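Q: One structure follows; several queries about it will come next.
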Amino acid sequence: MKHRKHWALVVVAIAALLLTTGCRDSRSIPMADGRPQITIMVGGLEKVIYLPAMLTQQLGFFKSNDIDVKLLGEQSGATAETALLTGDVQGVVGFYDHTIDLQAKDQCIRSVVQMSDVPGEAELVSKSDTGITSVADLRGKKLGVTSLGSSTDFLTQALTGQEGMTTADYTRVKVGAGQTFIAGMNHDGIDAGMTTDPTVAQMVNSGDARILVDMRTEAGTRAALGGLYPATSLYMSCATVDAHPEIVQKLATAFVQTLQWIKTHTPEEIAAKMPPQYASAGKDLYVQSIRDSIGMFNGDGLMKPEGAQNVLDILGKYSKNVRPVRDRIDLSETYTTQFVQEALRAPKQ
C-alpha cells in the first residue's frame, strides 16, 4: 500500500513538473498585459519574397491590431516547419507547399493568409557554365537549394522532373541563401541554383550569374510550372487556428493591411520602410530587387483554388512524400480564406 501511495505521489510530481517546465502545447498562446505574444519564424527575413513579415512590423500593423509579434529569421523553410511542429513558434511565413507536404506525413498545418500566387524564385546559372541554356542541360550538374526538403528543393525537382529527370540525375547541394548561396556559385560549389531577390539582383548585376528560369512573375511561373504556384503564406498548426480564431484574425488583418499598402506604394517607398541592413549591398540594388519581385504579391491575401490544385499536382508527381498518398490529400485542410475575407470586409485604416 505504501508503495502504491509512493508511486502515485511520483506520478503527480512528474505531471506537475511537466506543466511548470514548459511541456509545449501547439495550441497555447502566451499572453502579456492582455495581449497575445506571437512568435513567427520567417524563412529568410531579408528575402524580398518574405518582405511582408518585416514590413508589417515596420508599419506598426501588428501593434495596431493589439498583438505583439516577434519575428525570427531562418534560411530554411524545412527548419521553420519543424519549429512550428514542436511548438517553438506559433506561425511561419513560408511557402504554402509545406502544408501539403506535412499532410502527407499526417501533420496538419494551414495557410491563413496567402500573400503570393507565384514563387518569386529564379534558377540562376553560374557565369562559368556557358553550356547550360535550358533546364534539360541541368542533368549531371550540382544544383543549389536552401536545404533538402525545402521549397527550393520541391521546385528544383518539379523543373527537372518535367525534363524526365529524377534526383538521381543531378546532385542537390545545400547552400542556404544570400552570401552562402553566392559563395557556393562563385567557388564552384554549384553549377546552378534556386534563389530569390535580393540575391538574384546582386548576382545578375555583378555578372556572376544569369537567369535560366524566372518565376517572379505569373507569366514566368505558368511557363515553368504549367500554372500558378502559391508560395509566400502565413501558416499555423490547425490546432492553433481552431483554438484561437480571434488571434488568427488579428494576424490576418495585419498582413492584409500590409498587402494593400504594398499595392499603393513604390519600391522606393517600400525600401525606405525596411531596416537599413537589408540594403547592405547598396540602396539602389535593394530598390531594384523589390521592383523586380514586388509584383508577386497579390494584394488581398486570398488563395486561388487553381493555384493550390497545381501545387498538389506538382508535388503529387515529384515529391517522394506526397506521391504515394496524393489521392488522400485534402486541400481544404491546407488553407482557409475565412480570416482574410473578414479582414477585407473591415474598414481600411
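The values are calculated or read from the model by the stated rules, or taken from the named source; none is laboratory data. Remember, it's a predicted structure, so these values are computed and weren't measured experimentally. Neighbour counts are summed over all protein chains in view; Cβ atoms, including those assigned to glycine, are modelled from backbone coordinates with ideal geometry. Please note that ligands, DNA and RNA were not included when accessible areas were found on the heavy atoms of the full protein model with its side chains. Shrake-Rupley method; radii C 1.70, N 1.55, O 1.52, S 1.80 Å.
Q: May I ask you to derive the relative contact order of the chain, considering only C-alpha pairs under 8 Å and at least 6 residues apart, and to give it as an integer percent? Intermediate values should be presented prior to the final figure.
A: Details: 661 pairs, mean separation 88.9, N = 349.
Normalised by residue count, the contact order of the chain is 25 percent.
Q: On a C-alpha basis, how far is the centre of segment 149-173 from the centre of segment 244-295 in Å? Whole number, if you could?
A: So the two Cα centres are separated by 30 Å.
Q: With every protein chain in place, what's the accessible area of residue 148 (1.4 Å probe, Å², nearest 10)?
A: 100 Å²
Q: In whole Hz, with x marking every Gly and Pro, tabulate ³J(HN,Hα) for segment 105-114 from phi via Karplus 6.51 cos²θ - 1.76 cosθ + 1.60, θ = phi - 60°.
A: Couplings: 9, 6, 10, 10, 10, 9, 6, 10, 9, 9 Hz.
Q: Here is a follow-up. Can you tell me, using C-alpha contacts under 8 Å and at least 6 residues apart, the relative contact order of segment 40-176 as a whole percent?
A: Details: 155 pairs, mean separation 30.8, N = 137.
This gives 22 percent for segment 40-176.
Q: Same structure, new question: Quick one: what are the phi-derived ³J(HN,Hα) couplings along segment 257-265, Karplus 6.51/-1.76/1.60 with θ = phi - 60°, whole Hz, x for glycine and proline?
A: 4, 5, 4, 5, 5, 4, 5, 10, 9
Q: Also, quick follow-up: Accessible surface of residue 127 in the full protein assembly, 1.4 angstrom probe, to the nearest 10 Å²?
A: My reading of the accessible area for residue 127 is about 130 Å².
Q: Of all the accessible heavy-atom surface of segment 197-325, with the other protein chains kept in place and a 1.4 Å probe, what percent is carbon and sulfur? Numbers along the way, then the final one.
A: Numbers: 2620 of 5040 Å².
Accessible surface attributable to carbon and sulfur in segment 197-325 totals 52 percent.
Q: Now, a different point. In square angstrom, what is the accessible area per residue of segment 259-343 with a 1.4 angstrom probe? Intermediate results must be reported in sequence, preceding the final value.
A: Values: 4250 Å² over 85 residues.
Roughly 50 Å² per residue, with all protein chains present.
Q: Exceeding 30 Å between C-alpha atoms, which entries from my cross-link table qualify? They are 70/263; 63/283; 142/263. Could the numbers behind the result be given before it?
A: On the way: 70/263 25 Å; 63/283 28 Å; 142/263 38 Å.
The answer is 142/263.
Q: Now for a separate question. Past the 27 Å Cα-Cα mark, which pairs from 47/304; 127/273; 127/317? Walk me through the numbers before you get to the answer.
A: On the way: 47/304 23 Å; 127/273 34 Å; 127/317 31 Å.
Pairs exceeding 27 Å: 127/273; 127/317.
Q: Further question on the same structure: Between helix 283-293 and the chain, what is the angle of the helix's C-alpha long axis to the longest principal axis, kept within 0 to 90° and rounded to the nearest 10?
A: 80 degrees
Q: Loop only by DSSP, 13 or fewer other Cβ within 10 Å of the Cβ. Give me the GluC sites (Glu not before Pro) in segment 80-162 that pass, ordered by residue number.
A: Details: sites: 81, 121, 123; in loops: none.
Filter output for segment 80-162: empty list.
Q: Can you order the peptides 309-315, 230-236 by their average number of other Cβ atoms within 10 Å per residue, highest first? It would help to have the intermediate numbers written out before the result.
A: Values: 309-315: 19.7, 230-236: 27.7.
Packing order, densest peptide first, comes out as 230-236, 309-315.
Q: Hey, can you grab everything whose amide H is under 5 Å from the amide H of residue 298? Only 5+ residues off in sequence or another chain; H modelled, so Pro and N-termini drop out.
A: Sorted by chain and number, the residues that satisfy this are 116, 117.
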